[in-house]
Amino acid sequence: MSTEQVDRTVVSQEPTAMGGQETVRTDHQRSITASPGTSEMTRRIVVLLFGLVQIVIGARVVLLLLDAREANGLVSAILNISGLFVAPFDGILRTDALHAAGSVLDITAVVAFVGWTILELIVIWALGIFRREPA
């Protein structure tokens, strides 16, 4: 975390109403601006990217459970985009999906969700190794 510190001193002299002694008043103001460092910004970007992948996979699971029409452009786009992230996990289990009355529980997508989450944790852990914390 980078910090910027500004100290400012204001000295003002005010005469009293009776013409006696002048009063001297000193004000101190300290302003500190803090912003995340490079490693924190990298961690935030990684979390954002993996979060987007997880949202797309979660939307896939929900749409297939609700038996959404695949002819719809939005549904088709979500299924196609999420297919890119689910494909590496295809075939891990013997059963890829469970079907019941038109709804589909895409087990491969659930495994992909868990797999991407574990990969995210590994990447965040690896970034944490190179992170420098002040003593």
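Kindly provide the set of residues from segment 64-97 that are touching a Leu at 6+ places or on another chain (Cβ under 7 Å) and either open to solvent by 50 Å² or more (accessible area, probe 1.4 Å) or charged (D, E, K, R) (or both), ordered by number.
Within segment 64-97, 65, 70 meet the criteria.
Identify all residues within segment 98-122 that are buried (at least 16 other Cβ atoms within 10 Å of the Cβ), among the β-branched types (Val, Ile, Thr) and not in a strand (DSSP E or B); write none if there are none.
107, 108, 110, 111
The values are calculated or read from the model by the stated rules, or taken from the named source; none is laboratory data. Keep in mind that this is a model prediction, so the values were computed, not measured. Neighbour counts run over all protein chains shown; Cβ positions are idealised from the backbone, glycine included. Quick note on the areas: whole protein, heavy atoms, side chains included, nothing else; ligands and nucleic acids left out. Shrake-Rupley method; radii C 1.70, N 1.55, O 1.52, S 1.80 Å.
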